[in-house]
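A quick write-up on the structure given underneath.
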Amino acid sequence: MDWRVRGLCLREDPDLFFPIGSFNSGPVAIQTDAAKAVCRQCPVMEKCLAWAVDAGPIEGIWGGTTEGERRAMSRHAESAAATETAA
């Protein structure tokens, strides 16, 4: 069975996971927190996050992270890999 069919996000309004506006605005922060709360309860959160990181830049909340958080994770992983290669 595909992991996506077990996602709790399927029971929510999809718009919840795609906040519109400046991340620093109150409504976007509240919506982002609400989406992340759903993700934290989701049985496939780790698989969702792995997919989103592998997929590259993708909008929305996936695996309990924002696009910016996933970019930071990717940069950190690339930096760690480069450090290991240089050692």
Taking the condition within 21 Å of ASP2 (Cβ to Cβ), out of contact with any Lys or Arg (no Cβ under 6 Å at 6 or more places or on another chain) and at pLDDT below 95, does ALA86 pass? no
Note on the range 63-79: residues under 13 Å from the mean Cα position of the chain (by Cα) and either open to solvent by less than 30 Å² (accessible area, probe 1.4 Å) or among the hydrophobic types (A, V, I, L, M, F, W, C) (or both) are GLY63, GLY64, THR65, THR66, ARG70, ALA72, MET73
Filter the range 1-35 for residues that are among the charged types (D, E, K, R) and assigned to a helix (DSSP H, G or I) and give the result. ARG4, ARG6, ARG11, ASP15, ASP33
Within the range 17-62, the residues that are in contact with a Gly (Cβ under 7 Å, 6 or more places away or on another chain) and open to solvent by less than 40 Å² (accessible area, probe 1.4 Å) are PHE17, VAL28, LYS36, CYS39, CYS42, VAL44, CYS48, LEU49, ALA52
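The values are calculated or read from the model by the stated rules, or taken from the named source; none is laboratory data. This structure is a prediction, so every number in the text was calculated from the model and none was measured. Here Cβ is always computed from backbone atoms with ideal geometry, including for glycine, and neighbour counts include all displayed protein chains. For accessibility, only protein heavy atoms count, side chains too; no ligands or nucleic acids. Shrake-Rupley method; radii C 1.70, N 1.55, O 1.52, S 1.80 Å.
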